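As structure tokens, the structure follows; a few thoughts come after it.
A short reminder: the numbers here are calculations on the coordinates, not readings from a lab. Nothing here was measured: the structure is a model prediction, and the numbers come from that model. Please note: Cβ atoms are built from the backbone with ideal geometry, for glycine as well, and neighbour counts cover all protein chains shown.
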Amino acid sequence: MRKENSRDDMTKERILVVDNETQVSETIAEIISHEGLEVRIADNGYDALEIAESEPCSVAIVDLKMPGLNGIETIQRLREIDPDMEMIVLTGYPSLDSSLSAIEHHVFGYLSKPADRYVILRMVERALERRRLIVENRSLVEQLRLERNHLHEEVVAAKRGLEHGLERSNTFVSKSEGIRQVKHFVAQVAPTHLAVLIQGETGTGKGAVAQLIHDLSGRESDVFVKINCPAIPEALLESELFGYEPGAFTGAEIKKPGRFKLASAGTVFLDEIGDLPLKLQAKLLQVIEDKCFTPVGGTETITVDFRIIAATNASLEALVAEKQFRADLFYRLNEYSITIPPLRRRTDDIPPLVRHFCDMYGKEFNYSDFEIQDEDMSRLVKHQWPGNVRELESVIRRFAVDRDVLSMREAAPIHSHDPEPDVNVVRIAEVKTIMAALDKTEWNRRKAADQLGMNYSSLIRRIKKYGLKPG
């Protein structure tokens, strides 16, 4: 439910509902106006433009399929009238082309017909809040610039923080066919309720894709709970996911809600799902299928409604074959799969990514002419980028920090030709380290994993990868 102190703020703003189906627009208008909001209804895009010209509107709810001006064209024209107007897409028939176009035009969210009353009000409230923040922040920046010139750096930092937040919606800086396919898949699956499995190497942007799917899903825009499976100790993972009651274990003095409860009505993002312990995989499967769970040490059953997005840099199929991952959970998570190609397989993306990071960090460090020379760009394109986009961003940022004393060759010691010798050296060293731990523990793989400081499942994958056997 909305906070009471936000009701008065919402009454000061106007909502525009655009749909050629009168019954739909009137129903939505009635829901919104019942909360004290002012609403205007338009039967088509042209009428919507006339209303927006004469009566400023804060949020527009626009049907995608309309005669005359379609939804995307209407959104474009409304943005020309008021660039700060937040847009919510309304659709009864999700279309791939229109969804891709909507992504490019940075709509706030999606409403699927028929839309639930609570979802409509919650999305409108959040859209109003974001618009209010943008307008108020712009006004504050201008006021500080005029009144306090000596605070210029602080003002720029505040404005940059807002701009960075808005730029996050432009997830893909890309020219490659591989990322065009990813956009295609995101547009297809975002408006649905399917579980999504995102696969790709470390640093390819799996988390950003998960966030984008959530943003376009029609669920609450502020409820996106990320769970980094390998980062939470196995002994604490169950209580973190499901919560616990007082006295459930030593130190449990107060009731604590779990991540799943906090994510109700939103999205749960399970990062590196392949590292989830087997005993918790069964409980996770039950939560996904039954939408309910019991906190640790509790007896009350809690019902939740959230969407699952999982990501992994490992082959879950291989883990299933090794009996390190439940087949039934894999199939449940893999209702829709998106694979993000590594950066070395989409070198067309490197120049635009470099320009994007140069622009971003040029602004951060106040460099008006921060760019990469052609010779250095050629070296960057040839690099293998084992850390993918994350590694590329780190290199550009480091160069930006030390650009006066550091050459690009020093910032990115790239070995683009015949990388295999380096890879072989690393492989031989890793095999020797693993074999030493296994021999020391008499091939007790769990003890060896503890000694090596790695997950048990990771050690099993390496043993199989390198074909290791007792001597």
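Placing dummy labels 7 Å off each Cα toward the beta-carbon, the span from Lys447 to Asn366 is 6.0 nm. Spin-label pair Arg398-Lys279: with each label point 7 Å from Cα along the Cα-Cβ axis, the two points sit 4.1 nm from one another. Between Val119 and Gln286, the FRET efficiency from the beta-carbon distance, with R0 = 30 Å, is close to 0.70.
Multiplying the residue separation of His184 and Glu375 by 0.36 nm and removing their Cα-Cα distance gives an extension gain of 65.4 nm. Taking other C-beta atoms within 10 angstrom as a stand-in for reagent exposure, Ser174, Ser315 fall in the order Ser315, Ser174, fewest first. Positive contributions from Lys and Arg (+1) and negative ones from Asp and Glu (-1), summed over other residues with Cβ under 14 Å from the Cβ of Glu177, come out at +3. Quick check on my link table: of Lys226/Lys256; Lys113/Lys261; Lys255/Lys447; Lys256/Lys283; Lys382/Lys469; Lys183/Lys226, which ones sit more than 29 Å apart, alpha carbon to alpha carbon? Those over the limit are Lys255/Lys447; Lys382/Lys469. The ranking of Thr433, Thr204, Thr303 by Cβ neighbour count inside 10 Å, starting from the fewest, reads Thr303, Thr433, Thr204.
Scattering from the C-alpha atoms of region 4-134 alone, worked out with Debye: what is log10 I(q)/I(0) at q = 0.10 1/Å? For region 4-134, the Cα-only Debye profile gives -0.26. At a Förster distance of 25 Å, what's the computed FRET efficiency of Asn20 paired with Asp82, Cβ-Cβ distance as r, to 0.05? E(calc), rounded to 0.05, equals 0.65. A Förster radius of 45 Å combined with the Cβ-Cβ distance from Ile254 to Ala321 puts the calculated FRET efficiency at roughly 0.55.
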